[in-house]
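What follows is one structure encoded as structure tokens, with my remarks underneath.
The values are calculated or read from the model by the stated rules, or taken from the named source; none is laboratory data. Everything quoted here is computed from the prediction, not taken from an experiment. Note that we place each Cβ from the backbone using ideal geometry, even for glycine, and neighbour counts take in every protein chain shown. Note: accessible area is taken over every heavy atom of the protein model, side chains too, but ligands, DNA and RNA are not part of it. Shrake-Rupley method; radii C 1.70, N 1.55, O 1.52, S 1.80 Å.
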Amino acid sequence: MIIESIDTDTEVWRLSPIALIANPGPSGYVDLLNGPMDRGWCAGYMCQERISTFFSVVVTGMTYEMAMTSTPPQVVGTNYFQRSAKLVHVVLRGGHVLDIKTTPVITLTSGLMVKEDEFYEQNLVMNLANLFEVSPDNIRVISVMREDSKRQQGRLEAEVASVPTTSLNGEGEKGATGGEVIPYEKLVQSLEKAINRFQDESCSNCASLSVSDPIEPPPKEAPPKATEEEGTVVIPDVEPFYKQQEKEVAEKIKESLAVTEYVEPSSILVLSGVPSSVVQYTVFEMQPSVTVLGKEGAPISDLGHKSDPWQVTASLSGAPPGAILIGTTTVPYRNSTATFTDLSVSKPGEGYNLSFTITFPSYAPVLTATLVETFSSTQMSAAMVLQQPSIVQARQPIAITVQFVDEDSGLVLDGQAFKGQTFVGELLAKTAEGH
């Protein structure tokens, strides 16, 4: 039997060792396939450039199980998937090539609050299809469980995925069972929309939502190789290629097993504010950060999908006329916080305050929080620094840069501080002889 990965990254992605278990059980035995050899000109497994093809002798009429030590290839070259044991069952016959292709899939668990006449699979599938904006044929219900008959509460486990195709390429093909062939990018977009609708409470009968992200398919073009044709590429002081791959494999496996539970937001809590006194045009020494709380009062780790997180905007109040908040005023919400990094104010004054509001997506719940204490801003003391070439040629253009710095800290001031202003000065020059 020949086992071969035909993914585009087959030469740089190690699948072995592969365990081929004959007659699984107490009387079975394992054939450990630890090849293939490195095809590059590197030493040993340093570069790991190889064709992932494995050869094994098998006995007819016997059951075998195969396990890989990394994420399996998505195109390995019809089957039954045993979900509880995570096994794909196939029957092999001599002289035939069996091609198996995996497709990206969203696995989800949703708590439901539904009426009696809606607690049927066809209604649940339609609601789920509307939530993800896909065809009902792209929904596969794993289980529907009634948890509380009095409150009409239940739990739905399902998958959202592209339908099977008759082609390994898949793109542009029609589904073998109806429905849509959904590319990975569109599947992620559907996931983003579904999470946003759940967290903005557009899904009226959704009580909870837990999701496993689809695994990204291999690249369409082969990635850079570890070696060149003429020999080994050695980069001093750089982590060996095989170490980089080990980290990539570990991260990919971790991502494939991760389940993210999404929670509906209820309020915003300010975690850190700003100093009681700041200097105009100078970045605050302490920057504000906020977290969003769920209905149970605990911080929410994720708002929106990680590929398109919700955003929080800071705004200025209590300021004198013409004063503005300078810096990156809108930041993404990640890892339970929205953290600002470079805020400052443009004018001196008293009674300043900051407000924080979720501004993306536009249909997000209107949630706002403000600083408990106001702050003041004092006038900046700036100095001008001239930067010019150390040697110049006669009758040649000279490039000169002028920077403004804070006299107290010596830090270069943000160019936005002088937006709309005009400076008039005099430039004096002299020769090396002093003329």
Amide H neighbours of residue 272 under 5 Å, at least 5 residues apart or on other chains, H built in the peptide plane: list them.
-> 289
How much FRET efficiency would the formula 1/(1 + (r/R0)^6) give for residue 137 and residue 244, where r is the Cβ-Cβ distance and R0 is 51 Å, rounded to 0.05?
-> 0.80
Net charge near residue 320: determine it from the other residues with C-beta under 15 Å of the C-beta of residue 320, scoring Lys and Arg +1 and Asp and Glu -1.
-> 0
Between their Cα atoms, which of 220/254; 247/306; 186/243 are more than 29 Å away from each other?
-> 186/243
Of all alpha-carbon pairs in the stretch 180-220, indicate the percentage at a distance above 11 angstrom.
-> 70 percent
Length gain on complete extension for the stretch residue 31 to residue 63, per 0.36 nm per residue less the alpha carbon to alpha carbon distance?
-> 10.2 nm
How would 140, 395, 334 rank on accessible area, largest to smallest, probe 1.4 Å?
-> 395, 334, 140
Compute the relative contact order of the stretch 278-379 as a whole-number percentage, counting only Cα pairs closer than 8 Å that sit 6 or more residues apart in sequence.
-> 33 percent
